[in-house]
Amino acid sequence: MSVLSWIIVASLFGGALSVLCAAVFALNARTHWIGMLVSYAIGALLGAVFLDILPEAIDQAANTTAVSGAVLIGILLFFTLEKVLIWRHCHHDHCEAHEPHEQAGHDHHDHGRSGTMLIIGDTFHNFVDGIIIAAAFMADIHLGVVTALAIIAHEIPQEVGDFLILLHSGYSKLRAFQLNLISSLATLVGGVLAYYALQGLQSWTPYILALSAASMIYIAVADLIPGLHKRTQLRDTVQQVVLIALGVATVGLTGYFAGV
């Protein structure tokens, strides 16, 4: 397949699979699995960054210091975006999405205000994911596959939270599913636009990859890992470490077999 075909397939499949899995988890009361998915996603994200994306960016760049600087700028950028509520995730046990029953004494439906904010933020997030996928595939097909898998891994628990927030905001199950599915199409839009935008800017690819790495590092370290600290039992800790290692191993094995 051509690079553009890979980008389209990965964007569509990743978005649809994430939303479908999230709906299945949310509608079948499997939300207790979210913590396990989050641990695995952390490993997949960090594995993709340090085993594939950054090595590829450094290999392509003429100045490794500039790549490191791009990662630093990216982390600060995503911190700022999250601060102004553009970047919105919900993975933690005590966020509003996971406490619909604990708020029985309050108004369960906020007339869609939380839902509207969520869809706007999630659409932007999906658009950026598309750019990340496109940049990775344009650098190397194997890198694109690994990056897409890592993004799907962290999208599933996020979409579960999104789905529950939409239900809590008063949307029907069908409407919540439709909105999440429509929002996921932003991944395709971002991927296709990035493909054409980067055609004549190949020298930018290492720095786009560095920003992609920054995004994934920030999500894993600043957004997902803090939620794991809410569970302090030894059994939970062992489970988290094993699942993070499994996520890293998945990326490593994917890279190994792709290189055979």
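What does the charge add up to near LEU76, with Lys and Arg as +1, Asp and Glu as -1, over the other residues with Cβ less than 13 Å from its Cβ? All intermediate terms of the calculation are to be shown ahead of the outcome.
On the way: positive: LYS83; negative: GLU82.
Within the 13 Å Cβ shell, the charges total 0.
Please identify every one of the trypsin sites (Lys or Arg not before Pro) in region 168-259 that sits in a loop by DSSP and has no more than 16 other beta carbons within 10 Å of its own beta carbon.
Counting only loop positions with at most 16 other Cβ atoms within 10 Å, the trypsin sites (Lys or Arg not before Pro) in region 168-259 are LYS230, ARG231.
Bear in mind that the values in this text are calculations on the coordinates, not laboratory data. Small disclaimer: the values here were computed from a predicted structure and weren't measured. Please note: Cβ atoms are built from the backbone with ideal geometry, for glycine as well, and neighbour counts cover all protein chains shown.
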